[in-house]
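Comments concern the structure below.
The values are calculated or read from the model by the stated rules, or taken from the named source; none is laboratory data. Only a predicted model underlies this, so the values are computations on that prediction, with no experimental measurement involved. Here the Cβ positions follow ideal geometry from the backbone for every residue, glycine too, while neighbour counts run over all protein chains shown.
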Amino acid sequence: MDFEYSPKVVELQRRMWEFMRRHVLPAEPRFAAEVAAHRAAGNPWQPTQVMEQLKQQARAAGLWNLFLPASEHGAGLSNLEYAPLCEIMGRSPLAPEACNCSAPDTGNMEVLDRYGSVEQQQRWLVPLLEGRIRSGFAMTEPAVASSDATNIQASIRRDGDEYVINARKWWTSGANDPRCKVLILMGKTAPDHADRHRRQSMILVPMDAPGLRVLRHLDVFGFDDAPHGHAEIDLHDVRVPASNMLLGEGRGFEIAQGRLGPGRIHHCMRVIGLAERALEDMCRRVVKRRAFGRTLAEQGVTRERIAESRMLIDQARWLVLSAADAMDRQGNKAARRQIAMIKVVAPAMACRVIDWAIQAHGGAGVSQDFGLAQAYAHARTLRLADGPDEVHRDQIARLELEPYLVEAESHGG
């Protein structure tokens, strides 16, 4: 693996840093103020002028749709090339959307790019790539343990030239946002199929389809994440054209694996940037604050935490780059061990680093003034999103044990 970034990536990094310093970071307080004003007026679920301006600036800087490797619709970057850029964006909650590189849209665009029909791409992918609309991913359900996706109970039933959908979904990110125009929904088309991994399908559901209701928004540790947010939705006898089916009936798991691999590593790339910013905040804080006759930076426990943070961040970064390299060279399926490992390691690392940064800030660390509380909430949530730690650890262990089980069977036990 070559650890040197290409001249193309180095130039994109330079432009991304400039974009962050000149536009994104100064916009954070203005964005928060605009959302607060919308909330005070009774509706935080509306687009902000700040974000729309940032999108224009990102496009002008050539920092748009940087994901989508091996696609005519993206920037032509590999996963390994995209990783350092995604990390820089991850330092701010605004940057990914500003560059049209935020979840769940990136995953949904990858699905449409890879598996969508020409008609589906024209109707949904093109406006998503242009940033004119947003989308949601409806998989998790409140009534079942959705970490085992075979538990998903949403019904997708064929009726002539239409499918009829009945489902209750939650943690459908972005469904509160009026810009969200379409969902990719996972449900069962063949609930009695002998192969449990052929029971599920994915289908496109317009947000304005009759019978689809947004029931409520869901807070994350008290944060509503407006104007994006997360919603619980109900679908009662929702009818969509049969042409809205993605790839074909029974191929939901196949699509999910194609979608979740890149989505998982993108989360990990971003959260490394989040941890880097928390470490910087911690260092700035401890050199200025004094307690018991000396600065916090002079105290041993603080130095130990700073050293541990640097080592943890760098370890996670190299593991992310290794996983990205494996995805590029071997494909997402072959790289599933590395993807699972980084999905466990990166959020746990970020939780620890951000927690230490909170400690260094004292009471200010859990306030709204420094953004650390919201950063921690986000990092902690990633230990559940796209599969909980336990599922990924189990997969890692099974892959590690596989050759030994084969060896034991060949020797008769």
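Comparison of Met269, Met282 shows that the only residue that is touching a Cys at 6+ places or on another chain (Cβ under 6 Å) and of a type in the set (A, V, I, L, M, F, W, C) is Met269. For the range 149-179, give me each residue that is farther than 30 Å from Gly42 by Cβ and of a type in the set (Gly, Ala, Ser). Across the range 149-179, the qualifying residues are Ala149, Ala154, Ser155, Gly160. Selection of the range 206-226 for residues being among the hydrophobic types (A, V, I, L, M, F, W, C) and loosely packed, with under 13 Cβ neighbours inside 10 Å yields only Phe221. Only one entry of Ala209, Ala175 meets the criterion of being out of contact with any Asp or Glu (no Cβ under 8 Å at 6 or more places or on another chain), over 24 Å from Asp148 (Cα atoms) and either part of a strand (DSSP E or B) or at pLDDT 95 or above (or both), and that entry is Ala209. Restricting the first member to the range 1-29 and to residues that are more than 25 Å from Ala324 (Cα to Cα), and the second to residues that are surrounded by 13 or more Cβ atoms within 10 Å (Cβ to Cβ) and charged (D, E, K, R), the beta-carbon pairs closer than 9 Å and six or more apart or on different chains are Val24/Arg91; Leu25/Arg91.
Of all the residues in the range 185-218, those that are touching a Leu at 6+ places or on another chain (Cβ under 9 Å) and aliphatic (A, V, I, L, M) number 8. When we screen Gln53, Gln46 for residues that are outside the structural domain of Arg270 (by TED's automatic domain parsing), out of contact with any Pro (no Cβ under 9 Å at 6 or more places or on another chain) and more than 30 Å from Asp325 (Cβ to Cβ), the only hit is Gln53. Test Ser102 against the criterion of being over 30 Å from Leu25 (Cβ atoms) and surrounded by 15 or more Cβ atoms within 10 Å (Cβ to Cβ), and give yes or no. No; evaluated as a whole, the condition is false for this residue. Gln13 satisfies every condition listed in (1) in contact with an Asp or Glu (Cβ under 8 Å, 6 or more places away or on another chain); (2) more than 22 Å from Ile133 (Cα to Cα); (3) assigned to a helix (DSSP H, G or I) except (1).
The one condition from (1) at pLDDT 95 or above; (2) over 24 Å from the mean Cα position of the chain (by Cα) that Arg196 does not meet is (1).
Residues are listed down the side, and each one gets a yes or a no for (1) among the β-branched types (Val, Ile, Thr); (2) surrounded by fewer than 20 Cβ atoms within 10 Å (Cβ to Cβ):
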{"residue": "Gly252", "(1), (2)": "no, no"}
{"residue": "Met282", "(1), (2)": "no, no"}
{"residue": "Arg294", "(1), (2)": "no, yes"}
{"residue": "Glu304", "(1), (2)": "no, yes"}
{"residue": "Val320", "(1), (2)": "yes, no"}
{"residue": "Ala348", "(1), (2)": "no, yes"}
{"residue": "Ile358", "(1), (2)": "yes, no"}
{"residue": "Gly363", "(1), (2)": "no, yes"}
